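Here the structure is laid out as C-alpha cells; the discussion comes afterwards.
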Amino acid sequence: MSANGKQSLVIRNGTLIDSKGGPPVENDAIVVEGNRITSVGPVPGGMNLEDTEKVRVIDASGQWIMPGLIDGHCHLSFGQPDMPGLSIAKGSTSPEFNTIRAAINAQTVLRAGVTSLSIPGGTWFTDVALREAINAGLIEGPRIYCAGRFIVTYGSIGDYEPSWVGTPEHTLGTLANSVPEMITEVRRQTKHGVDFIKMADSTWGDNQTISEEELTAVVDEAHRRNARIAIHSRGSESTMAAAHAGVDWIMHADLATEADLYAVAEQGVRIMPTMTFLEHAAKIGGDYGRGTAEMDLIKRNLEGAAEMLQTARNLGVKVMAGTDTGNSPLMPYGELHGNEADIFVRHGGYTPMEAIQACTRENAFAVGLEDQVGVIDSGMLADIIILDQDPLADIRVLQGGRHLTAVIKDGKMVDLAGNEAQETAKLHFTKA
C-alpha cells in the first residue's frame, strides 16, 4: 500500500513500450504508488499481490502498455462554433456556457487516451480555470498547459471583425499593433495564469503580419515572466523571424524553406506541424462549407508541410505532435488525437517507435513537464494507456481510442464508458 494509505496499482504482463527509445520488452510489473511510478521490473520484495485491500492488479496479458498520449495542439474553449438547437450557443456564446462545454470536451479527450494537453489559445481565460479545476480534482480531464487568446495584429489569424469592432473576448485573438501593446498583453495574460503566450501570424502564411522586432520583444517579456512562447506561423518569412526571435516552438511552418528550417535548427527552436488538421480538412473541408479557394490553400499547405517535415527531420529539428483538434466543427474531440503519429510515419519517414516518442516523450516539452511525463520509468508521473493491439505493427491503432483497454492518469483509472453528457456534446460539436 502506498504511503498515503491508498491502494497500490500494479500492471502485470503485456508488452511495454516505455518511449525511452529502446525496443519493446515483456513487462513484469509496473508499480504505481499515488500518482507516481515507483518501479518498473520485478514485483518488489514484500509486496503481496493477493492482498486486494492494499494492491490492485491489472493483468495486461496480450496487450501493449505505453505512456499516455500528449496532444500538443488542441483547443477546448473556442467560443464558436454554433450548437444547433441551443439558443445560448448561437455565434458568440457566453463564457459560462463555454466553460461547461470545455469541461465536457476535456473529459472526452481524456477518454481517447490523451493524458496531457497543450492548449495554444482559447477564449476568455476558460482554459486556465479548467486547468485549475482539474488540478483540484473537481472534474476529470488531462493535464493542461495553456495559453490565452492569440496576440495578433491587423491581418493575423483571429482578426476577423471589422477594425471598428476590434476583437471581443469571445474571439480567438486580441489585437496588439505595437510593441508596447504586445508587452502589455503578455503582462495581462501572465497575471491571469497562462503557462505560455501564443502569437499568431497570417492564416495561411501568404504574408507576414508580425515583425521580428515585435516577436523579439514579446519573447523577452514572456521569458522574463517565466512563460514560454509559441507562434502560429505557416509562412517562410514569419518562420525565419520566429527562429531568430527565439520562440520556444513554431506551429505549422508549412511553407518554410530549407534555409528557414536551418535557422530553426541552429536556434534550437522546435516545430509542431499539426498536419492532422490539414489532411482532415483536405478530405472533408468542402462538406463543412470551405470554398474552393480555401480548399486549394489547404492542399497547397499540406503538400508544403509534408516536404517541411522531411527537411526538418533531416536537419535534426526537434518535432512535436499536435492535431489542432477543436479548431472547427470538422475537428471533433476524441477522434483525431492519435492521427499525427500516422502522418509522421507516412510523410516524415518516422518509424512507429519514433512517432510514438513524438506524441509522448518529445511532447512533454509542450506541456512543460520534461522528465515528468511521456516515459514509463520509476519516478515519472503515472500517465499510462493500455492497448489491445500493437501500435508498432500498425501505428493507426492509436486513433480514436478504439483500441484502449485502460487509461490511467495521475495514477487513477479512468472510466472509459464516459457518460451521456459527453456523447451529446460530441454529437453537437460534430454536427455544428
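Would segment 279-289 turn up any residue that is within 20 Å of R149 (Cβ to Cβ) and not polar (S, T, N, Q)?
At the first step, the residues of segment 279-289 found to be within 20 Å of R149 (Cβ to Cβ) are none.
No, because not a single residue in segment 279-289 is within 20 Å of R149 (Cβ to Cβ) and not polar (S, T, N, Q).
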Original post:
For A312, all conditions in the list (1) in contact with a strand residue (DSSP E or B) (Cβ under 8 Å, 6 or more places away or on another chain); (2) part of a loop (DSSP other than H, G, I, E, B); (3) farther than 20 Å from G113 by Cα hold save one; what is the number of the exception?
Top reply: (2)
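Determine, yes or no, whether E237 is farther than 25 Å from H75 by Cα and assigned to a helix (DSSP H, G or I).
Working: farther than 25 Å from H75 by Cα: yes; assigned to a helix (DSSP H, G or I): yes.
Taking the combined requirement at face value, the residue satisfies it.
So which residues in segment 263-305 are among the hydrophobic types (A, V, I, L, M, F, W, C) and under 16 Å from W204 (Cβ atoms)?
First, the residues of segment 263-305 that are among the hydrophobic types (A, V, I, L, M, F, W, C): 263-265, 269, 271-272, 275, 277-278, 281-282, 284, 293, 295, 297-298, 302, 305.
Hits for segment 263-305 are M275, F277, L278, A281, A282, A293, M295, L297, I298, L302, A305.
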Original post:
Listed residues I151, I144; which is farther than 14 Å from G193 by Cα and not aromatic (F, W, Y)?
Top reply: I151
Subject >> Members of segment 4-55 found to be in contact (Cβ under 8 Å) with a residue 60 or more places away in the chain and under 16 Å from L387 (Cα atoms), listed by number >> reply: I11, G14, T15, L16, I17, D18, S19, P24, I30
Subject >> Residues being within 20 Å of H75 (Cα to Cα) and either surrounded by fewer than 16 Cβ atoms within 10 Å (Cβ to Cβ) or not β-branched (V, I, T) (or both) - total across segment 186-222 >> reply: 11
Original post:
When you scan segment 326-377, how many residues do you find that are basic (K, R) and more than 24 Å from D394 (Cα to Cα)?
Top reply: 0
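Regarding I343, is this residue in the same structural domain as K409 (by TED's automatic domain parsing), under 25 Å from T311 (Cβ atoms) and touching a helix residue (DSSP H, G or I) at 6+ places or on another chain (Cβ under 6 Å)? Reasoning before the result, please.
Numbers: in the same structural domain as K409 (by TED's automatic domain parsing): no; under 25 Å from T311 (Cβ atoms): yes; touching a helix residue (DSSP H, G or I) at 6+ places or on another chain (Cβ under 6 Å): yes.
Here the answer is no, as I343 does not meet what is asked.
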**OP:** Specify the residue that is surrounded by the most Cβ atoms within 10 Å (Cβ to Cβ); the eligible residues are those in segment 380-414 that are closer than 19 Å to N363 by Cβ and of a type outside the set (A, V, I, L, M, F, W, C).
**Re:** D383
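A quick yes/no check of all residues on (1) of a type in the set (A, V, I, L, M); (2) touching a residue at least 60 places away in the same chain (Cβ under 8 Å); (3) more than 17 Å from G113 (Cα to Cα):
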{"site": "Y350", "(1), (2), (3)": "no, no, yes"}
{"site": "I356", "(1), (2), (3)": "yes, yes, no"}
{"site": "T360", "(1), (2), (3)": "no, yes, no"}
{"site": "G374", "(1), (2), (3)": "no, yes, no"}
{"site": "D377", "(1), (2), (3)": "no, yes, yes"}
{"site": "D390", "(1), (2), (3)": "no, yes, no"}
{"site": "Q399", "(1), (2), (3)": "no, yes, no"}
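Hey, which of the strands (runs of 3 or more DSSP E) in segment 1-59, taking only ones fully inside, have at least 2 residues that are within 15 Å of A406 (Cα to Cα) and touching a Leu at 6+ places or on another chain (Cβ under 9 Å)?
Details: elements: 8-12, 29-33, 36-41, 55-59.
Passing ranges, in order: 8-12, 29-33, 55-59.
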**OP:** Would you be able to say whether some residue in segment 326-346 is touching a His at 6+ places or on another chain (Cβ under 8 Å), of a type outside the set (S, T, N, Q), in contact (Cβ under 8 Å) with a residue 60 or more places away in the chain and within 21 Å of R402 (Cβ to Cβ)?
**Re:** yes
Subject >> Test result for R228, surrounded by fewer than 24 Cβ atoms within 10 Å (Cβ to Cβ), under 22 Å from T153 (Cα atoms) and among the basic types (K, R) >> reply: yes
Original post:
When you scan segment 160-176, how many residues do you find that are modelled with pLDDT of 80 or more and either in contact with a strand residue (DSSP E or B) (Cβ under 6 Å, 6 or more places away or on another chain) or surrounded by 13 or more Cβ atoms within 10 Å (Cβ to Cβ) (or both)?
Top reply: 5
**OP:** Using the structure shown, decide if E279 is more than 22 Å from the chain's Cα centre (by Cα) and crowded, with 17+ Cβ neighbours inside 10 Å.
**Re:** no
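The values are calculated or read from the model by the stated rules, or taken from the named source; none is laboratory data. Remember, predicted model here, so these are calculated numbers, not experimental data. With ideal geometry, Cβ positions are generated from the backbone for all residues, glycine too; neighbour counts draw on all protein chains shown.
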